[in-house]
Structures are given as C-alpha cells and as structure tokens.
Amino acid sequence: MKIIIKSKASIVEGMASTVRDQPAVVLREVSAGYARHVVLHGVTARVPAGRATVVLGPNGSGKTTLLNVIAGVVAPVAGSVRRTSVRLPAYVPQRSAVADTLPMTVRQAVAMGRWARLGPWRRQSGKDREIVRECLRRLAIDDLAARQLGALSGGQRQRALVAQGLAQRSDLLLLDEPSTGLDLGARGRIADVLHQERAAGRTVVRTTHDLAEALRADHCLLLDEGRLVAQGAPADVLTEDTVHAVWRLPGRPVARPPEMTNLPG
Ligand SMILES: Nc1ncnc2c1ncn2[C@@H]1O[C@H](COP(=O)(O)OP(=O)(O)O)[C@@H](O)[C@H]1O
Ligand SMILES: [Mg+2]
C-alpha cells in the first residue's frame with residue numbers, strides 16, 4: 001500500500017516539475033508545409049527546456065516537418081514559433097536524407113558541426129579539434145575517423161551524424177529518427193549520449209517509432225495527419241486507446257483519433 005501511494009506521489013511530482021519547466025520552443029497555431037502542400041495544421045505545442053521530448057505519429061503525420069519548423073528550416077505559413085535558446089539548434093536529419101556518396105571522412109563530417117559556430121572558412125582551433133575528438137569518442141567511432149562516411153554501415157553513419165550534432169555544442173538538439181533501423185549497440189550508444197546531453201541541461205527533441213524509448217522521455221508530442229492530438233507526459237499521452245486510434249491498429253472499436261488533449265507535462 002505504501003509503495004502504491006509513494007509511486008502515485010512521484011508521478012504527480014514528475015508532472016508538476018514538467019509543468020513548471022520553462023519552454024525552449026513555443027509553437028502557436030502553426031501551419032507549415034512545402035510549396036502549396038500544407039502539412040501541419042494549427043499546431044500549438046511547447047517543448048520544455050532542459051528536457052527530453054519525443055515526437056511520435058504514423059508515417060506521413062508531419063514529424064519531420066515539425067522538426068524542420070522548430071529548426072527554422074521550414075517557415076510557417078501561419079502562426080508563430082518562438083525559440084528561447086540563444087544558439088542555433090543542432091539538427092541531425094534522418095539518415096536516409098543524407099547522401100551516401102558524400103566524399104568526406106567521418107572526422108570531416110563531425111568537424112562540419114563546428115561550422116555553425118565558425119563559418120566554413122575559418123581554420124579550426126585546437127579547441128575545435130578537441131571537441132571533434134571528444135564527440136568521436138562519445139559515439140565510439142574514434143577508430144572510424146579516417147574512413148569515408150559513405151563506406152560505413154547504417155549504424156556507424158548514424159553515430160557519425162549524431163557526433164556532428166553534438167559538435168555544434170548547441171543547447172537545443174533536434175534529431176530525426178536517430179535510432180530507427182539500428183542494432184542494439186548503436187541504439188544504446190545514441191540513447192546514452194542523448195541522456196547525458198539532457199542531464200547536462202540541454203533540450204533534446206527527437207522523433208521516434210519506438211514506444212519504449214518514448215516512455216523514457218520527459219515530454220511527448222503526438223501527431224496525426226498534421227495535427228497535434230496530444231502533448232504531455234509520455235505515459236499519459238501514449239495510452240493503449242490513443243495508440244490504437246492514432247495508428248489505426250486492428251482489434252479496437254475506436255474509429256477515429258481522439259480530440260486534442262492537453263495533458264499536464
Ligand atoms: N519536401 C517535401 N515536399 C513536399 N511534400 C513533402 C516534403 N516532405 C514531406 N512532404 C509530405 O509531407 C507530409 C508529412 O511528411 P513528414 O513531415 O516527412 O512526415 P513524417 O516525418 O511523420 O513521416 C507527407 O505527406 C509527405 O509526403
Ligand atoms: Mg520523418
């Protein structure tokens with residue numbers, strides 16, 4: 001009995017702490033897309049600062065577009081986006097969006113992460129080189145530094161892209177499906193590094209298809225057909241009913257997704 005009361009109390013405390021968090025990003029009634037194709041419709045959402053946020057939704061629901069909007073790569077056609085971070089966000093795009101044939105080594109790719117601060121034409125300092133070495137080490141790819149990016153396995157290349165993101169030393173790290181299709185080792189390494197970044201006070205936003213991974217985050221944004229259907233603590237957002245409705249899973253009588261719910265968190 002005591003354990004039950006305790007665990008309930010800690011859940012409530014957990015919610016209260018995310019409610020109190022300052023936002024790193026605030027989107028108000030954002031509509032955005034590509035050319036004449038509007039993908040996101042009236043999205044109002046909040047990304048808490050210094051926390052791990054996951055963005056979920058079926059294929060084509062607008063997860064990548066939402067990251068593009070937060071990153072500033074895609075401008076909204078309506079609504080507003082406010083980022084409180086001083087630095088430019090570090091954006092790690094989906095692996096499949098990066099050309100396999102890029103003629104550069106792993107070290108050069110990670111060093112590109114420093115360009116956001118330096119511009120491409122300034123010589124790297126000893127400090128830059130030290131940051132690059134540290135990022136290679138943290139992703140356990142230091143032994144691959146001289147290899148061509150295009151010659152790596154999917155998991156190795158993804159770790160190189162995450163290392164490039166870390167090298168930017170931004171306080172807002174955006175990652176598009178960083179662990180999709182990777183083996184356990186690469187996923188574990190990336191998860192550990194993102195956990196460390198969050199523990200160091202950085203804001204981490206990632207898209208994922210992995211419910212177990214999502215449940216370990218602090219905050220969750222759930223998209224369906226370009227609309228935000230829920231946001232809040234992952235355990236509150238990702239209920240069985242909601243998951244069945246949004247992913248149209250068989251075996252449930254729920255015919256359509258829920259109305260937008262704004263949960264604490
Ligand atoms: N560059 C683009 N130009 C036009 N339409 C796009 C582009 N990128 C994505 N879309 C369309 O936007 C919708 C949402 O895509 P996306 O944000 O990539 O979803 P998700 O990441 O959830 O799979 C899809 O219908 C997709 O076809
Ligand atoms: Mg996507």
If you check Leu161 against the conditions, is it within 30 Å of Thr101 (Cβ to Cβ), in contact (Cβ under 8 Å) with a residue 60 or more places away in the chain and hydrophobic (A, V, I, L, M, F, W, C)? yes
For region 127-144, name all the residues that are touching a residue at least 40 places away in the same chain (Cβ under 8 Å), within 19 Å of Ala90 (Cβ to Cβ) and surrounded by fewer than 21 Cβ atoms within 10 Å (Cβ to Cβ). Arg138
At positive phi, within 15 Å of the chain's Cα centre (by Cα) and within 13 Å of ligand 1 (Cβ to nearest atom): is that true of Gly72 in this structure? no
Region 62-79 residues that are closer than 13 Å to Val38 by Cα, paired with ones that are at pLDDT below 95 and within 10 Å of ligand 1 (Cβ to nearest atom) (beta carbon under 6 Å, 6 or more apart): none
Only one of Gly113, Gly165, Gly119 is small (Gly, Ala, Ser), touching a Gly at 6+ places or on another chain (Cβ under 7 Å), closer than 22 Å to Pro89 by Cβ and at pLDDT below 95; which? Gly113
Name every residue in region 46-63 that is hydrophobic (A, V, I, L, M, F, W, C) and crowded, with 22+ Cβ neighbours inside 10 Å, in order of residue number. Val47, Ala52, Val54, Val55, Leu56
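Which one is nearest to Leu40 (Cα to Cα) among residues in region 210-247 that are touching a strand residue (DSSP E or B) at 6+ places or on another chain (Cβ under 6 Å), of a type in the set (A, V, I, L, M) and part of a strand (DSSP E or B)? Full working, then the answer.
In the first step, residues of region 210-247 are kept if they are touching a strand residue (DSSP E or B) at 6+ places or on another chain (Cβ under 6 Å); the result is 214, 217-222, 226-231, 234, 237, 246.
Filter once more, keeping what is of a type in the set (A, V, I, L, M): 214, 217, 221-222, 228-230, 237, 246.
With the extra rule that they be part of a strand (DSSP E or B), the set shrinks to 221-222, 228-230.
Working: Leu221: 13, Leu222: 12, Leu228: 9, Val229: 12, Ala230: 14 Å.
Among those residues, the one meeting the criterion is Leu228.
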Residue count for region 129-155, restricted to those that are under 22 Å from Leu174 (Cβ atoms) and outside any loop (DSSP other than H, G, I, E, B): 9
Out of (1) assigned to a loop (DSSP other than H, G, I, E, B); (2) within 16 Å of ligand 1 (Cβ to nearest atom), the one Leu67 does not meet is (1)
State whether the residues of region 44-57 include one that is among the basic types (Lys, Arg) and modelled with pLDDT of 95 or more. yes
Scanning for something within 16 Å of ligand 2 (Cβ to nearest atom) and over 29 Å from Ala200 (Cβ atoms), does region 103-121 turn up at least one residue? no
Please indicate, with yes or no, whether at least one residue in region 145-152 is closer than 27 Å to Ala217 by Cβ, out of contact with any Cys (no Cβ under 6 Å at 6 or more places or on another chain), surrounded by fewer than 18 Cβ atoms within 10 Å (Cβ to Cβ) and touching a residue at least 24 places away in the same chain (Cβ under 8 Å). no
Where the second residue is among the acidic types (Asp, Glu) and the first is touching a residue at least 24 places away in the same chain (Cβ under 8 Å) and lies in region 82-93, which pairs have Cβ atoms under 6 Å and are six or more apart or on separate chains? Ser85/Asp171; Arg87/Asp171; Pro93/Asp176
Got a number for residues in region 34-55 being outside any loop (DSSP other than H, G, I, E, B) and more than 11 Å from ligand 2 (Cβ to nearest atom)? 15
Just checking, which of Leu173, Leu182, Leu166 is of a type in the set (A, V, I, L, M, F, W, C), touching a residue at least 12 places away in the same chain (Cβ under 8 Å), within 22 Å of Thr53 (Cα to Cα) and part of a helix (DSSP H, G or I)? Leu166
Any residue at all in region 93-102 that is surrounded by 14 or more Cβ atoms within 10 Å (Cβ to Cβ), modelled with pLDDT under 95, in a helix (DSSP H, G or I) and within 17 Å of the chain's Cα centre (by Cα)? yes
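The values are calculated or read from the model by the stated rules, or taken from the named source; none is laboratory data. These figures come from a predicted structure and were not determined experimentally. Positions of Cβ are backbone-derived with ideal geometry, glycine not excepted, and every protein chain shown enters the neighbour counts.
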